Amino acid sequence: MISIYPDYEKLSSAAASLFVECANQSVDSQSRFNVALSGGSTPKRAYELLASATNRELVPWGAMHVFWGDERCVPMDNPHSNARMAWETFLEKVPVPARQIHPIDCSREPRNAARDYENHLSNHFGGKLPVFDLIFLGLGEDGHTASLFPGTAAVDEFDRWVAEVFVPGQDFHRVTLTLPVINHARVVVFLVSGDRKAKILNQVMDKGLGREFIPAQRVEPSNGKLIWLVDRAAASQI
Ligand code: 6PG
């Protein structure tokens with residue numbers, strides 16, 4: 001399902017509302033809400049709106065567990081940190097208990113960081129393949145999502161739940177959820193904004209292209225819902 005919004009603000013408002021809806025549905029049915037956040041810049045406004053007067057009273061923060069879909073292996077105070085971005089945009093302003101915020105600890109060697117996060121997920125999800133109630137994802141211009149970059153082994157990782165990634169030309173390693181976890185979520189939401197994403201979004205939507213070239217095209221929840229929230233600029237070629 002794809003929804004097209006006139007601009008970034010309306011896209012962000014829709015994303016925040018969907019987050020609120022998912023959170024309440026999850027807590028009503030299972031008394032907790034497990035969400036994996038996306039990094040990058042697109043979700044920033046949606047996260048800010050979650051902490052706004054409009055939404056903050058609507059969210060069952062005390063029953064929420066916050067994870068990340070991926071992280072850059074940098075200190076948490078580094079501007080590249082996805083955890084720092086979420087913290088500054090909303091987590092420091094809302095009452096999610098600290099023990100329920102689960103950042104990816106990248107202070108150690110990336111492979112160990114991936115292993116440790118997988119162990120953490122296993123403890124949280126009772127040793128079973130995690131079922132996130134909501135996973136937010138972004139879309140890179142090269143078709144990556146989370147830190148599943150074209151040509152990296154993580155894209156073809158089907159045993160591990162969390163993998164380390166090094167992208168040539170980037171200054172840091174990354175740690176990412178793998179497709180088995182992403183595709184096991186109840187709801188997966190892509191947030192895509194801006195004319196820079198128009199070409200890749202059109203390619204992703206064209207299922208005729210080779211899947212191996214576009215990791216984002218391999219996000220197909222086995223039992224869950226896949227939702228694309230895009231603005232008109234990003235949708236200009238579809
Ligand atoms: C990351 C993100 C990544 C991001 C896309 C889109 O850690 O880099 O998880 O997958 O969502 O690169 O980024 P923008 O939203 O900044 O365009």
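Values quoted throughout were computed directly from the atomic coordinates according to the rules given, and no laboratory measurement underlies them. Quick caveat: nothing in here was measured; it's all calculated off a predicted structure. Every residue, glycine as well, gets a Cβ built from its backbone with ideal geometry; the counts of neighbours run over all protein chains shown.
Spelling out what I want: for every residue of the range 182-196, take phi, set θ = phi - 60°, compute 6.51 cos²θ - 1.76 cosθ + 1.60 (Karplus), and round to whole Hz; glycine and proline get x.
These are the phi-based 3J(HN,Hα) values: 4, 7, 9, 6, 6, 9, 10, 10, 8, 10, 9, 9, x, 5, 5 Hz.
Lone cysteines in the chain, going by a 4.7 Å Cβ-Cβ cut-off?
If one checks each Cβ against the other cysteines of the chain, 22 turn up with nothing under 4.7 Å.
Can you tell me what the convex hull of the Cα atoms of the range 1-125 projects to on average, as an area in nm²?
Mean projected area of the Cα convex hull: 8.3 nm².
Can you say what percent of the DSSP beta bridges in the chain, counting only those with both residues inside, are antiparallel? Round to 5. Please list the in-between numbers first.
Working: 9 of 30 bridges.
If we restrict to bridges inside the chain, about 30 percent are antiparallel.
List the residues, sorted by chain then number, that are 5 or more residues from residue 225 or on another chain and whose placed amide H is less than 5 Å from its amide H.
Correct list: 187, 188.
Picking from 83, 114, 14, which is most flexible by a Gaussian network model of the chain using Cα springs under 10 Å?
Checking each option, the largest mean-square fluctuation is seen for 14.
Bin width 10 Å, origin at 0, all Cα-Cα pairs of the chain: what percent of pairs per bin?
With 10 Å bins starting at 0, P(r) equals 8, 34, 39, 17, 1.
Please count, across the chain, the pairs of lysine residues with Cα atoms under 26 Å apart that sit 8 or more places apart or on different chains.
Close lysine pairs found across the chain: 15.
Scan the range 9-100 for GluC sites (Glu not before Pro) in coil per DSSP, keeping those whose Cβ has at most 13 other Cβ atoms within 10 Å, and list them by number.
Hits after loop and neighbour filter: 57.
Can you show me the helix-derived [θ] at 222 nm for the chain, built from DSSP H runs with n ≥ 4 at -39,500 (n - 2.57) apiece and divided by the number of residues, rounded to the nearest 500. Walk me through the numbers on the way to the answer.
Numbers: 7 runs with 69 residues, N = 238.
So the helix-based figure for the chain works out to -8500 deg cm²/dmol.
Among 203, 217, 170, whose mean-square fluctuation peaks in a Gaussian network model of the chain (Cα, cutoff 10 Å)?
Maximum among the listed residues: 170.
Could you pull out every residue, at least 5 positions away or on a different chain, whose amide H is within less than 5 Å of the one on residue 65? Hs are placed 1.01 Å off N in the peptide plane, and Pro or chain starts have none.
Residues meeting the criterion, in which the H sits 1.01 Å from N, are 33, 34, 35.
Report, by chain and number, residues whose modeled amide H sits under 5 Å from the one on residue 194, excluding near sequence neighbours (fewer than 5 apart, same chain).
Result for residue 194 returns 231, 233, 234.
Could you go through the range 227-238 in sequence order and give the Karplus-derived ³J(HN,Hα) for each residue, using 6.51 cos²θ - 1.76 cosθ + 1.60 with θ = phi - 60°, rounded to whole Hz, and x for Gly and Pro?
With coefficients 6.51, -1.76 and 1.60, one gets 10, 10, 10, 10, 9, 5, 5, 6, 8, 5, 10, 10 Hz.
What are the ³J(HN,Hα) couplings of the range 128-137, residue after residue, when phi is run through the Karplus curve with 6.51, -1.76, 1.60 and θ = phi - 60°? Round to Hz, x for glycine and proline.
9, 3, x, 10, 6, 6, 8, 10, 8, 9
First select every other residue whose beta carbon is under 13 angstrom from the beta carbon of residue 164; then total the charges, Lys and Arg +1, Asp and Glu -1. Each step should come with its number before you reach the end.
Details: positive: 72, 108, 111, 115, 160, 174; negative: 70, 71, 105, 109, 116, 118, 157.
Its environment carries a net charge of -1.
What whole number of Å gives the distance from the Cα centroid of the range 122-169 to the Cα centroid of the range 185-238?
16 Å
In a GNM of the chain with a 10 Å cut-off on Cα contacts, which of 207, 93, 199 has the highest mean-square fluctuation?
Maximum fluctuation in the GNM of the chain, among the listed residues, is at 207.
Suppose R0 equals 35 Å; then what is the FRET efficiency for residue 10 and residue 120 from their Cβ-Cβ distance, rounded to the nearest 0.05? Present the calculation step by step, with values, prior to reporting the outcome.
Numbers: r = 36 Å, r/R0 = 1.02.
My answer for the efficiency is 0.50.
Rounding to the nearest 20 debye, state how big the charge dipole of the range 99-222 is about its Cα centre with +1 on each Lys and Arg Cβ and -1 on each Asp and Glu Cβ.
On the way: 14 positive and 16 negative charges, 52 e Å.
Charge dipole, the range 99-222, about its Cα centre: 260 debye, nearest 20.
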